[in-house]
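Colleague: Sharing a structure here in structure tokens format.
Readers should treat all values here as calculations from the given coordinates under stated rules, not as data from a laboratory. All values derive from a computational prediction rather than experimental measurement. We place every Cβ from the backbone using ideal geometry, glycine too, and count neighbours over all the protein chains shown.
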Amino acid sequence: MSSICRHLSSGVVHSNPTFPFLENLRKLCEEGKVLEAVNAASYMEQQGAPVPISAYYGMIQSCIDKQDLTLAREVRVSIARAGFQQNSFLGSHLIAMFAACGSLSEANDIFNGISESTEFAWKAIISAHVKHGQYKEALNLYSQMLQSSCQLDEFAYTTVLKACALAGDIERGRLIHGQVIEDDSELMVYVGNTLIDMYCKCKSVDDGRRVFDKLPKRSIVTWSAMVAGYAQNGESEAALELYSHLHQSSVVPNDVMFASILKACSNAYIPGKLIHSHFIEACSEADEFMGATLIDMYAKCHCLADARRVFDRLSRHNVITWSTMLGAYVQHEQGEDALELYKELLKQRKFKPNAHTFVSILKACSRIKAVDEGKLIHSQIIEGAYDGSEFVINTLVDMYGKCGSLLDAGRVFMKAPNTSLVRFNAMLEGYSDCGNSKEAFELFCKMQDLGTVPDRATLVIVLKACSTTADLVQGRALHSYIIRNGCELDDIMGSTLIHMYSNCGSIEDAVKVFDGCSKDDIVTWNAMIAGYVLHRHGQEAVCLYEKICARSLELDKVTCISILKACSSIAALKLGKVIHACTRKLGCELDIEVGNALLDMYARCGSMEDANEVFTKMKHRDSVSWSTMVAGHAQHNDFQSALEYFQGMEQEGLKPNNVTFVSILAACSRKGLLDEASQHLIGMTDDHGISPTIDHCNCVVDLLSRAGRLKQAEELLDSLPFKSNLTGWTSLLTHCRVHSKVELGRRCFERMIAIDKTFSSSYVLMGNIYADAGMWEEVEALKKQRIAARAWKKPGKSFIEVDDKVHNFSVGDRAHPRILDIYRKLRRLAAEMKDTGCLPQTHAMLQQHLSDEDKEDYLCGHCEKLAIAFGLISTPPGTPIRVAKNLRVCMDCHSATKVISKLEGREIIVIDTYRVHRFKDGACSCKDYF
């Protein structure tokens, strides 16, 4: 300051006070020394030399360039001292300055203080409000400007039309359009591009096209605006068609045009590739902006390799190209590749990561649960001073939550100065993903106490948290909140509620929600079908599928997978094949998820031939694919094939998981291969590092029990850390009957009722052991104990698919339309079986009060026999019969079905909960080892 003042007082000011001063002031402003310029102007005033108004324009422009609010305020004070604070022309510049420096309130003060509101001042204040996102206020100011009789020009019209576009106010936009035409039709040449943009942003593309077609002259900006409008509104074909007209015209595309049309090529690889070639012809080399646009286009077209080639061939990079490539990897769930690229970026040391870079790489960490890398990136965020960015903080909370590190997520959440709705949702989702429904519900209540209003996304997240932990009480409370607050039951909300109630065990509530939904979208149907499948209501799921078809709704991949699971549970092979055909039409037949569902369906429906064919056709297979084939062959009593698939999986380099070993151990159990099971168990722990779970141990218990080594099985069960092991004790109790071990059976029974006294199988199995031993008093006492415990047996059901319809039968069923024919057929079969020496196994029936004839009739009424008889009278001779049962096949039905298969000359396939029985020529594939 002192040097400047000395220079000014050395005679320059006194001899010619204006020109040298302005020249020095201009130099100071050009050098960005705004404060020195202000001080110099102040010194001039003290010396009595007037400072011309033009001297302040350079200071104002420097403040705009620097966007420095403190300097802007110094300039304003200096102008006020000079007495120019009410000057309208200078005031319009001051308004622009404060708008650029982020203070709309001070811009308003300037506008309100000027002596005369000229058109320049009006345009400046309207532009300031648009710049700050105050679109409605900008339009109100425009209305006031009209009343002040100021002349409007193209700048005023483009500014207010931009406000209309960003506010989505198409009605006001149409009025302004009319004013443009009324004032001067020649203005259309200047504001036509803005009108096109306004109409397209207001979702009225047709109006935008009408403006485009009527313009007498079209520049490349006009073409770009129209193409961008089509792209923004999802009308890619129209955008591409318009671009083809441009390509045939004399107008030369520029970068903006290429960027606009490439955005229209999302999911349109071939047009995108063609436009890329046009760009190379026109521009030869892509700069950073076009490079990022091309990378983004190829990524959205699912061509990650092409995106990477564009990235690698760029001669110049900036942080945007790196961030876009990172985002492409994240979009394609290539988290590891994203991390490698991020490391390359850090090694370059040319560009520092920005907020978008950090958001992309944090999402990559979320996808692959890379919490350690996430923590390192968190430290880099703090170092780069991005820990104050709302966008970055929310993604950090989300990353920690998805990685299961709720403590870290909570720390970031609590440390942030403001708790936004997005951040609350990210924290809630973390709790939901980790199964912490209690914490999620508490945070949900807390956010409301703090005045943050939940949105639909919040409600969906908390419902999912209740679903994950099967918390029906909190789920119902949240449902009540949704009803009280008048939230619309749209497809997403309805499907989430259905999913929650299904997972919480209340299929009845799920059905009520479904009945109240609009059912216009397949999402709601998918949720209800999945609920039925979860509760093993396969037939109800199939009925919903039939209703979907009647409504002509389009199936998607999720529908197909759910219906395939339903087919698995009721052996609906024909329908399964229909759905298989649907997956071909949808183009997802070879998708891993769909392929695995097909494998499971064919295996459970007793058609390993079809399962093998699907497996062979699958281009990609994961551990679930191989494990499903191992389990399928195990269920079909084909140990050798199960072993071959198990070994094939290892040869492919895939690691067997818990489920795979359960399947191979189950295969050993069904064949009684104790030594082989021991080898696999040792290999599981020693070679693969998998600790035995309750399911693995139960397979061993089953093996020991089948081998008659009941004492060892009991000792193993007693030694296991899994105390609530009903499955293991049930297996041992089942074989106590086979080996007539009453006392051991009693011990098993006592252990089982200590775990769950309402578990009906305990009473049934123990009752059978007593009945076999002729201990009828104990049988009666057990009945009373069972009634007191309210241990009701799950009703047996069998399913058979005939003439494209699934029929179900329960024990003693009398409801089927052809029930008389069915019983007539069964009585004839019973008479024929007696002639062959096959007698009903009535000796151990618990219903001792019945006569022998009534006992035989009772056995005839078993659900699998009813289904088989219906199949025999409803299908052509020689046709295989396929029946599914929701419980295990009983001994009497197993013996009877063997004889029926020989008498009728049919292959009868019965799928129960344990294995697939193939009856043919009087024998079963299980070789009576069931």
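Colleague: Where in the chain is the longest stretch that carries no GluC sites (Glu not before Pro) classed as loop by DSSP and with at most 15 other Cβ atoms within 10 Å? Present the calculation step by step, with values, prior to reporting the outcome.
Modeller: Numbers: sites that count: Glu31, Glu116, Glu285, Glu333, Glu488, Glu554, Glu652.
No qualifying site falls inside 653-930, the longest such stretch.
Colleague: Quick one: which of 566-572, 256-262, 702-708, 147-153 comes out on top by average Cβ neighbours within 10 Å, and what's the full order, highest first?
Modeller: Values: 566-572: 27.9, 256-262: 23.6, 702-708: 21.7, 147-153: 12.4.
Taking the mean over residues of other Cβ atoms within 10 Å, the ranking is 566-572, 256-262, 702-708, 147-153.
Colleague: Where the only charges are on Cβ atoms (+1 Lys, Arg; -1 Asp, Glu), what is the dipole of the chain about its Cα centre, to the nearest 20 debye? Don't skip to the answer; put the middle values down first.
Modeller: Numbers: 102 positive and 114 negative charges, 404 e Å.
Value, rounded to 20: 1940 debye.
Colleague: Of Gly430, Phe799, Gln380, whose Cα points farthest to the positive end of the dipole of the chain (charges on the beta-carbon: +1 Lys, Arg; -1 Asp, Glu; origin at the Cα centre)?
Modeller: Phe799
Colleague: State the three equivalent ellipsoid semi-axes of the stretch 657-747, derived from the C-alpha gyration tensor as the square roots of 5 times its eigenvalues, in descending order and whole Å. Walk me through the intermediate numbers first.
Modeller: Values: eigenvalues 106, 39, 19 Å².
Working from the Cα gyration tensor, I get semi-axes of 23, 14, 10 Å.
Colleague: Mind putting together the pair-distance distribution for the stretch 535-608? All Cα pairs, 10 Å bins, whole percent per bin, short to long.
Modeller: 21, 58, 20, 0
Colleague: Given the chain, what whole percent of its Cα pairs are spread farther than 51 Å?
Modeller: 41
Colleague: Divide, for the stretch 327-389, the radius of gyration over alpha carbons by 2.2 N^0.38 Å, where N is the residue count.
Modeller: So the stretch 327-389 has a normalised radius of gyration of 1.03.
Colleague: For a quick size check, give me the Cα extents of the stretch 581-625 along its three principal axes, largest first, whole Å.
Modeller: 26, 23, 14
Colleague: Rounded to a whole number of µm²/s, how large is the Stokes-Einstein D of the stretch 417-489 at 37 °C and 0.692 mPa s, given Rh as the Kirkwood radius over C-alpha pairs? Numbers along the way, then the final one.
Modeller: Values: Rh = 12.1 Å.
Answer from the Stokes-Einstein relation: 272 µm²/s.
Colleague: What span do the alpha-carbon atoms of the stretch 180-296 cover on each of the three principal axes, reported in whole Å from largest to smallest?
Modeller: Between the extreme Cα coordinates on each principal axis of the stretch 180-296 lie 45, 26, 25 Å.
Colleague: Would you mind working out the magnitude of the charge dipole of the stretch 303-458 relative to its Cα centre, with +1 at each Lys and Arg C-beta and -1 at each Asp and Glu C-beta, to the nearest 20 Debye? Mind showing how you got there, number by number?
Modeller: On the way: 20 positive and 20 negative charges, 106 e Å.
That gives the stretch 303-458 a dipole magnitude of about 500 debye.
Colleague: Arrange the peptides 294-300, 878-884 so that the one whose residues have, on average, the most other Cβ atoms within 10 Å appears first. Each step should come with its number before you reach the end.
Modeller: Working: 294-300: 24.7, 878-884: 20.7.
Sorting 294-300, 878-884 by mean packing, highest first, produces 294-300, 878-884.
Colleague: Counting each pair of different Cα atoms once, what's the Kirkwood radius of the stretch 403-446 in Å, rounded to one decimal? Mind showing how you got there, number by number?
Modeller: Working: mean 1/r = 0.0959 Å⁻¹.
Averaging 1/r across every pair of different Cα atoms and inverting gives 10.4 Å.
Colleague: While we're looking at this one, here's another question. Just to confirm the number: angle between the C-alpha axis of helix 742-755 and the first principal axis of the chain, 0 to 90 degrees, nearest 10?
Modeller: With rounding to tens, the tilt is 20 degrees.
Colleague: Still on this structure: What Rg and what Dmax come out for the stretch 68-126 when only alpha-carbon atoms are used, in angstroms?
Modeller: For the stretch 68-126, the Cα-based Rg and Dmax read 10.2, 28 Å.
Colleague: Separate question: Please report how far the C-alpha centroid of the stretch 126-177 lies from that of the stretch 475-533, rounded to the nearest whole angstrom.
Modeller: 45
Colleague: Computed FRET efficiency, Cβ-Cβ of Asp756 and Lys617, R0 60 Å: what is it to the nearest 0.05? List each step's numbers first, then the result.
Modeller: On the way: r = 44 Å, r/R0 = 0.74.
The computed FRET efficiency comes out at 0.85.
Colleague: Shifting gears a bit: Pop out the Kirkwood hydrodynamic radius of the stretch 483-610 from its pairwise C-alpha distances, inverse of mean 1/r, in Å to one decimal.
Modeller: 14.9
Colleague: Around Val422, with a cut-off of 12 angstrom between Cβ atoms, what is the net charge of the other residues, counting Lys and Arg +1 and Asp and Glu -1? Each step should come with its number before you reach the end.
Modeller: Details: positive: Arg423; negative: Glu390, Asp398, Glu429, Asp455.
Taking every other residue near Val422 into account, the sum is -3.
Colleague: Rounded to the nearest 20 Debye, what is the dipole magnitude of the stretch 562-650 about its Cα centre when Lys and Arg each give +1 and Asp and Glu each give -1 at the C-beta? Can you show the working numbers first?
Modeller: Numbers: 9 positive and 11 negative charges, 84 e Å.
Here the stretch 562-650 has a charge dipole of around 400 debye.
Colleague: Also, I was wondering about something else. To make sure I understand the rule: partners must be lysines, Cα under 22 Å from the Cα of Lys27, and not fewer than 8 residues away in the same chain. Which ones qualify?
Modeller: Lys66
Colleague: Show me 824-831, 54-61 ranked by packing, highest mean number of other Cβ atoms within 10 Å first.
Modeller: Details: 824-831: 16.8, 54-61: 19.6.
Those peptides, ordered most packed to least, come out 54-61, 824-831.
Colleague: Which log10 I(q)/I(0) values, to two decimals, does the stretch 557-680 give at q = 0.13, 0.16, 0.19 Å⁻¹ under the Debye formula with one point per Cα?
Modeller: These q points yield log10 I(q)/I(0) values of -0.49, -0.72, -0.97.
Colleague: Lys343: net charge of surrounding residues, Cβ under 13 Å, Lys/Arg +1, Asp/Glu -1, itself excluded? Don't jump to the answer; show the numbers that get you there.
Modeller: Numbers: positive: Lys347, Arg349; negative: Glu336, Asp337, Glu340, Glu344, Glu373.
Net charge in that neighbourhood comes out at -3.
Colleague: Here is the link list: Lys577/Lys920; Lys547/Lys619; Lys723/Lys784; Lys402/Lys446; Lys557/Lys865. Which ones come out longer than 31 Å on Cα distance? Write out the running numbers ahead of the final one.
Modeller: Values: Lys577/Lys920 24 Å; Lys547/Lys619 33 Å; Lys723/Lys784 27 Å; Lys402/Lys446 21 Å; Lys557/Lys865 36 Å.
Going by Cα-Cα distance, Lys547/Lys619; Lys557/Lys865 fall outside the 31 Å limit.
Colleague: Relative to the longest principal axis of the C-alpha atoms of the chain, give the angle of the C-alpha long axis of helix 34-46, reported between 0 and 90° and rounded to the nearest 10°.
Modeller: Taking Cα atoms only, the helix is inclined about 30 degrees.
Colleague: Also: Which whole-number value in Å³ per residue fits the convex hull of the alpha carbons of the stretch 96-204?
Modeller: Working: hull volume 9.9 nm³, N = 109.
Dividing the Cα hull volume of the stretch 96-204 by its residues yields 91 Å³.
Colleague: Then there's this: Where the centre of each part is set by its Cα atoms, how far does the stretch 183-249 sit from the stretch 871-930, in angstrom?
Modeller: Going from one Cα centre to the other spans 71 Å.
Colleague: Let me ask something else about it. Treating each Cα of the stretch 655-709 as an identical point scatterer and ignoring solvent, apply the Debye formula and state log10 I(q)/I(0) at q = 0.21, 0.29 Å⁻¹.
Modeller: Per q value, in the given order, log10 I(q)/I(0) is -0.66, -1.19.
Colleague: Here is a follow-up. Along the Cα→Cβ direction, 7 angstrom out, place labels at Gln679 and Gln151. What is the inter-label distance in nm?
Modeller: Here the modelled spin labels are 10.0 nm apart.
Colleague: With angles folded into 0 to 90 degrees, how steeply does helix 170-183 sit against the dominant principal axis of the chain? Use alpha carbons for both and round to 10.
Modeller: In the chain, helix 170-183 runs at an angle near 30 degrees to the longest axis.
Colleague: Same structure again: By a straight-distance test (C-alpha under 25 Å), which lysines pair with Lys203 as possible cross-link partners, with residues fewer than eight away in the same chain excluded?
Modeller: The reachable lysines, counting only those whose Cα sits under 25 Å from Lys203, are Lys131, Lys136, Lys162, Lys214, Lys217, Lys263, Lys300.
Colleague: For the charge dipole of the chain, defined by +1 on Lys and Arg C-beta atoms and -1 on Asp and Glu C-beta atoms about the Cα centroid, which residue among Trp322, Val594, Cys863 has the Cα displaced farthest towards the positive pole?
Modeller: Result: Cys863.
Colleague: With a Cα-only, solvent-free Debye model of the stretch 352-511, what are the log10 I(q)/I(0) values at q = 0.13 Å⁻¹?
Modeller: For the stretch 352-511, the Cα-only Debye profile gives -0.62.
Colleague: Between the stretch 361-436 and the stretch 738-800, what is the C-alpha centre distance in whole Å?
Modeller: If you average the Cα positions of each part, the centres end up 53 Å apart.
Colleague: Another one. Tell me, what is the Rg over Rh of the stretch 857-930, with Rh the Kirkwood radius over Cα pairs? Don't skip to the end; give the middle numbers.
Modeller: Working: Rg = 11.1 Å, Rh = 12.1 Å.
The Rg/Rh ratio comes out at 0.92.
Colleague: In Å, what Kirkwood hydrodynamic radius results for the stretch 247-295 from the alpha-carbon pair distances? Kindly include the intermediate steps, with their values, before the conclusion.
Modeller: Numbers: mean 1/r = 0.0912 Å⁻¹.
With all distinct Cα pairs of the stretch 247-295 included, I get 11.0 Å.
Colleague: Need the list of aspartates and glutamates near Lys898 for cross-linking: C-alpha distance under 20 angstrom, and skip anything on the same chain fewer than eight residues off.
Modeller: Hits, sequence-local ones excluded: Asp638, Glu832, Asp835, Glu856, Asp857, Glu864, Glu907, Asp912, Asp921, Asp928.
Colleague: Additional query: Can you compute the helix-only [θ] at 222 nm over the chain? Use -39500 (n - 2.57) per DSSP H run of at least 4 residues, normalise by all residues, nearest 500 deg cm²/dmol. Present the calculation step by step, with values, prior to reporting the outcome.
Modeller: Values: 51 runs with 642 residues, N = 930.
Calculated from helices alone, the mean residue ellipticity at 222 nm is -21500 deg cm²/dmol.
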